[in-house]
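The next block holds one structure in the form of structure tokens; read it before the comments.
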Amino acid sequence: MPLLERFDTPASLRDVPETSPLYQNWSDQVSSLIDGLTPSPSGGGFYDPTKLDIQFAGEKAMTWMGLPRRQLLPESRDNKRAAYEAAESFANRQHQDEYFEWRSERDASGKIRKIAFVTEFRQYYQELWNIDPQLVVGLYRKILDNDTIQKSDLEDPVGTYDILNRWNTTHGIVHYINDINTLKAAVNLCRDAAGHDSAGQNNFEAGPPFAMAPTAVDPRIAYDVNMLVRKGLYVALRDPVGFYIAAWDNAGITKPNGRPAPASWWKIKRGKPGMVLRLEYEVPASEGFVVGDLLLGGQPIEFGGQLAEHITVVIHGTAGTMTRGGRGDGG
Amino acid sequence: MAASNGNGPAPETISARDIERAMADALMATGEPPSGIDTTVSVSPLASDVPGSENEPVYDANAQADIQGNVIPGFNKNHQQFLFYAFPNQAGQAKTRAFLKWLTPYVSTIEEVVAFRRLRRARRQRLGSGRVFLSSVGINVAFSNAGIEKLMGPEELDKLGDIPFKEGLRARSSFLGDPTKPGALGNPSKWVVGGTGNAADMVLIVAADSHETLQEVVALVAEQAGIGDFRLLFQQYGNTLPGRLRGHEHFGFKDGISQPGVRGKLSNQPGDYITPRHIDRNDPRRLYYAKPGQLLTWPGQYLLGELRQSTEHLYKEGTAASNFPSWAKRGSYLVIRRLNQDVGAFWRFVISSSAAMGLPAARFASMLVGRWPSGAPLMRMPEADNPDLGADEFANNHFIFDDDTKPIGLNGLPGYAGDRYPQAKADFLAMLCPHFAHIRKINPRDSVGDLGKPEDNLARMILRRGIPFGKAVAGQENLTDDLLAEERGLMFLCYVSSIEDQFEFLQRRWANSEAQPNFGGHDPVIGQNGGTPGRQREIDFPAPGGPVRLVLPSDWVVPTGGGYFFAPTISAIRNDLSTPPQ
Ligand code: HEM
């Protein structure tokens, strides 16, 4: 494969014209995280696809469940409701640590009206803000369908972008705010997993120390990356690097009259199929009822986590071998 | 990704005779079923316990006489009848209880099934190859949510923690991806039992070695049920396929090969395990395999209140479930799904798409399942079937997916020649056994899935107890459209301690998903894409130039009945369910 020239924005977003410095800035941002991790010429490892040319062998889609596993297992194994409740018990979403955050919007009676699920990085918005804060204001307005949002809502007293602004916490959701849900954390996880020597072992035997986290995502990525690297393969995150909502299951959601709810009530608001960055679930106003009136598997939808449990998050890896002289032939 | 619109023959042009030829070709290699060393119950206990098994529970004589025998170790009989009953109305409560009192002594337990197997094995060993002429009958019983409510009251029902059980199969049907269009095959409105207006209170499972004995016992049960004013909603006869296809399901593949091992002992004697341990004592894998490929799981995965599998550790025990009333201890949830199999539709797709992919039909079909018709795993035999491997229970399940499988040592097994087959090579890109293949979807083994750890896979396992129903197509000569059109399928049964985390998880979260536990498409055997109007299933078929997306034209496994049940212990039936509340 030819060297990657530039890391693209997540899902190849084009929120601003191609001529904007955003694209180079974003690429530099990703590059700076991955830079310096390029392995020695032999033996496999986690690598920077803008620096090292690798012969493509295959892709690995690493998938996991959106509902935070830590809230469910092992303690709430027999009490899922407790897990659903805990998962959204903080406005700063501190329990949503699967590179997947959501917010349930409720009506006056407490019933869910709409749920928005996101996998967007805060750094993307920070980069935009650095170019022009109005770009971020415009995006917020568009994403949240709210023209009243002002620059002053989104900044702290000294004028820097406040990721914990109310439109991304108590009054809305736009991107990740959980400290753990950063690209840096994911890159570090891959690097650590690649560095652990498990030659000759398999997943049952390797029990890699870094895979012991109680989340779903950390062991998922760690096991898979480690598994590829111990075969002497070189592993990179596939461009455009990002966490994506890959799939959701609409089966078993029923309207108050017992009929199935149409799949079209799920809306891709950012990204594209297979690389969804923002997914919303809402009942059209014309129906006369709301999400909280629906059943999932016969159970009333009381928490966003009930749907999150059936949403698949993904990060894509590519694996390849070193070609002679460390340069691939493009095949 | 390339999409294939098929340059194979159009499915509708494929005749019954074409299907006959393709199936015969696929089954050519399959020989007589092995008389087999029956290792499902410990026969010659090891001289000592396996290190690391100190905490495994001992099921002493009392416990063995209390737990129903189809849960552990399973009837595994060639002839079975499933009788679905509704209780008489409230006024008939006394009659219901009287029936249960009559039934209880007939209910087979671990003790009985184990004793029979030991006897049969001993005689077989004495006889060598001759026929054994031993037979036994097993009866087991289980109750639905409505049945429990009628016998124990709503409060006791509510104490059972499993939400799917409390709702019932019909209420969960669309969640499992079943057809939602009223009147469509597969929709509960069309189910023969467990659907709209015909949910059972109780199911009886009668199992025997011959059809005649089975019918005698069924007649006796029916007579008593009649006296009790029970209403027979539906009954289904299930039997194994004839001749050399015994143990195969209707599409033609050997079934019932891979089952989890249940931890626990039958006595304090050293080495007296429920699931015999065959791994060499110097091999560290003895800690988690019973025989090659058979993962050990803690009994709480199937019996309420026992220690369960840890979700964080491969072989250590986790906690026991706490969400059940005391009378339900050591009982087990039973899932029954009557699944119609449209053998014609399955093989038409196989014949058409295999031609388009340039593969022999048998190989293509085996890639949908993950095993060859004989049971030989694709992971060990990627190119062609090998019936010896298929029949070798110490080798046919010994493989993992993501890394090379290493040879494994066995304790001395008299008469066993050893595993002589090539070991499985790492297939992490799923080129040999695709991610969508039924056995890879439903048991990813060492691969990590959506909950992040391979350990988690063990907490999803189920004890399968299914049996085919209807006339066989596989192995038939002069196959006609009429025979193909007859109803047939699998009475799918499994025992679990959580319907939600085990059976439903496997069906909904894995089989029905194109993305879980690994990307690659829906399970082409049992997957259902119920969430979209077209119900369209897709698989990304591995090919040298990159995967080819194939669209499956229809569902060939369709639910036509069933129910969620609970199989209590004998003591619970005697002391609680058949005794009026104080
Ligand atoms: C008509 C429907 C079905 C057919 C034709 C079918 C067929 C098969 C076959 C041929 C095998 C391989 C033999 C073996 O390993 O025992 C198998 C394995 C298995 N099936 Fe199915 N099956 C059906 C339904 C189901 C359902 C509904 C489930 C659960 C949701 C299920 C779960 C399993 C499991 C857990 C295994 C063992 C996988 C392993 O451990 O490798 N099957 N099935």
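The values are calculated or read from the model by the stated rules, or taken from the named source; none is laboratory data. Everything quoted here is computed from the prediction, not taken from an experiment. Here the Cβ is made from the backbone with ideal geometry for all residues, glycine too, and neighbour counts use every protein chain on show. What goes into the accessible areas is simple: the full protein's heavy atoms, side chains included, and nothing from ligands, DNA or RNA. Shrake-Rupley method; radii C 1.70, N 1.55, O 1.52, S 1.80 Å.
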Query raised in the report: Taking the Cα atoms of the protein assembly as shown alone, what are Rg (to one decimal) and Dmax (as a whole number) in Å?
Result: 28.2, 91
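Which of the three applies to the range B:373-520, rounded, prolate or oblate, going by the alpha-carbon gyration tensor with a ≥ b ≥ c and a/c under 1.5 meaning rounded? Could the numbers behind the result be given before it?
On the way: a/c = 1.60, a/b = 1.11, b/c = 1.44.
Since a/c reaches 1.5 but b/c is at least a/b, the shape of the range B:373-520 is classed as oblate.
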**Report entry** Among A:Ser20, A:Ser109, A:Ser264: highest mean-square fluctuation, GNM of chain A, C-alpha pairs under 10 Å
**Finding:** A:Ser109
Query raised in the report: Got a sec? Charge dipole of chain B, +1 on Cβ for Lys and Arg, -1 for Asp and Glu; which of B:Ser174, B:Tyr85, B:Pro270 is way out at the positive end?
Result: B:Pro270
Requested in this report: Bin width 5 Å, alpha-carbon pairs only: give the P(r) of the range B:293-364 as whole percents, running from 0 to the bin holding the largest distance.
Outcome: 3, 14, 13, 11, 9, 7, 7, 10, 13, 8, 3, 1
Query raised in the report: What is the mean projected area of the alpha carbon convex hull for chain B, to one decimal in square nanometres?
Result: 24.9 nm²
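If packing is taken as the average count of other Cβ atoms within 10 Å, what order do A:127-134, A:92-99, A:194-201 fall into, highest mean first? Provide the component values of the computation, followed by the final result.
Details: A:127-134: 16.9, A:92-99: 22.4, A:194-201: 15.0.
Highest-to-lowest ranking by the protection proxy: A:92-99, A:127-134, A:194-201.
With a 10 Å radius around each residue's Cβ, average the other Cβ atoms per peptide and rank B:218-226, B:495-503, highest first. List each step's numbers first, then the result.
Working: B:218-226: 15.6, B:495-503: 24.1.
Going from most to least packed, we get B:495-503, B:218-226.
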Requested in this report: Name the long-range amide H neighbours of A:Ala57: under 5 Å, sequence gap of 5 or more, or other chain; modelled H, no Pro or chain starts.
Outcome: A:Ala319, A:Gly320, A:Thr321
Query raised in the report: Which lysines have a Cα lying under 23 Å from the Cα of A:Lys60, excluding residues fewer than 8 positions away in the same chain?
Result: A:Lys51, A:Lys184, A:Lys231, A:Lys272, B:Lys425, B:Lys441, B:Lys453
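What is the percent carbon and sulfur in the accessible area of the protein assembly as shown, measuring with a 1.4 Å probe over the protein chains and ignoring ligands?
Working: 17200 of 33490 Å².
After summing per-atom areas, the C and S share lands at 51 percent.
Just from its helices, what would the mean residue ellipticity at 222 nm be for chain B, if runs of 4 or more DSSP H residues each count -39500 (n - 2.57) and the sum is divided by every residue, rounded to the nearest 500 deg cm²/dmol? Write out the running numbers ahead of the final one.
Values: 15 runs with 129 residues, N = 582.
Only helices count here, giving -6000 deg cm²/dmol.
Mind checking Rg over Rh on the range A:122-167, alpha carbons, Kirkwood formula for Rh? All intermediate terms of the calculation are to be shown ahead of the outcome.
On the way: Rg = 9.5 Å, Rh = 10.4 Å.
My calculation of the ratio gives 0.91.
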Query - chain B, relative contact order [Cα under 8 Å, separation at least 6], % - result: 24 percent
Report task. Compare A:Gly298, A:Gly274, A:Gly207 in a GNM of chain A, Cα atoms joined below 10 Å, and give the one with the largest fluctuation. Result -> A:Gly298
Query raised in the report: What FRET efficiency comes out for the pair A:Asn257/A:Lys111, r = Cβ-Cβ distance, R0 = 25 Å, nearest 0.05?
Result: 0.90
Report task. Could you run the Karplus curve 6.51 cos²θ - 1.76 cosθ + 1.60 with θ = phi - 60° over the range A:309-314 and give me ³J(HN,Hα) per residue in whole Hz, x for Gly and Pro? Result -> 4, 10, 10, 9, 9, 9
Query raised in the report: With labels modelled as points extended 7 Å from the Cα through the Cβ direction, what inter-label distance (nm, one decimal) is found for B:Ala47 paired with A:Thr148?
Result: 8.3 nm
Query raised in the report: Per-residue HN-Hα couplings for the range B:383-388, Karplus 6.51 cos²θ - 1.76 cosθ + 1.60 at θ = phi - 60°, whole Hz, x for Gly and Pro?
Result: 9, 8, 5, 9, x, 5
Query raised in the report: What are the chymotrypsin sites (Phe, Trp or Tyr not before Pro) within the range B:283-377 that DSSP puts in a loop, where the Cβ has at most 12 other Cβ atoms within 10 Å?
Result: none
Report summary line: Sorted by chain and number, the residues with a modelled amide H under 5 Å from that of B:His248, at a separation of 5 or more or across chains, are B:Leu241, B:Asp255
Query raised in the report: Taking A:Lys269 as the anchor, which lysines have their alpha carbon closer than 24 Å to its alpha carbon, excluding any fewer than eight residues away along the same chain?
Result: A:Lys111, A:Lys114, A:Lys142, A:Lys151, A:Lys255
Report task. Taking amide H positions as placed in the peptide plane 1.01 Å from N, state which residues far from B:Ser136 in sequence (5 or more) or on other chains have amide H under 5 Å from it. Result -> B:Asp209
Query - Percent RCO, i.e. relative contact order, over the range A:122-167, from Cα pairs under 8 Å lying at least 6 residues apart - result: 28 percent
Report summary line: Across B:308-314, the residue-averaged tally of Cβ atoms belonging to other chains within 10 Å stands at 3
Report summary line: Between chains B and A, the summed loss of accessible surface on complex formation, probed at 1.4 Å and reported to the nearest 100 square angstrom, is 4200 Å²
Report task. Straight distance only, please: which lysines reach the Cα of B:Lys95 with their own Cα at less than 16 Å, same-chain residues fewer than 8 apart left out? Result -> B:Lys150
Report task. Return one whole number: the accessible area per residue of the range A:122-167 in Å², for a 1.4 Å probe. Result -> 51 Å²
Query raised in the report: What's the long-distance tail for the range A:205-266, i.e. % of Cα pairs beyond 14 Å?
Result: 72 percent
Query raised in the report: What ³J(HN,Hα) values, in whole Hz, does the Karplus curve 6.51 cos²θ - 1.76 cosθ + 1.60 give for the range A:131-137 when θ = phi - 60°, with x put for Gly and Pro?
Result: 7, 6, x, 5, 4, 6, 4
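Want the number for B:Arg244 to B:Asp25: 0.36 nm per residue separation, take away the alpha-carbon distance, what's left?
Numbers: separation 219, 0.36 × 219 = 78.84 nm, distance 1.46 nm.
So the chain would gain 77.4 nm between B:Arg244 and B:Asp25.
Mind putting a number on the dipole of chain B about its Cα centre? Charges go on the C-beta only, +1 for Lys and Arg and -1 for Asp and Glu, and I need it in Debye to the nearest 20.
640 debye
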Report task. Please work out whether chain A counts as rounded, prolate or oblate from its C-alpha gyration tensor, where a ≥ b ≥ c are the square roots of the eigenvalues and a/c under 1.5 means rounded, while otherwise a/b larger than b/c means prolate and anything else oblate? Result -> oblate
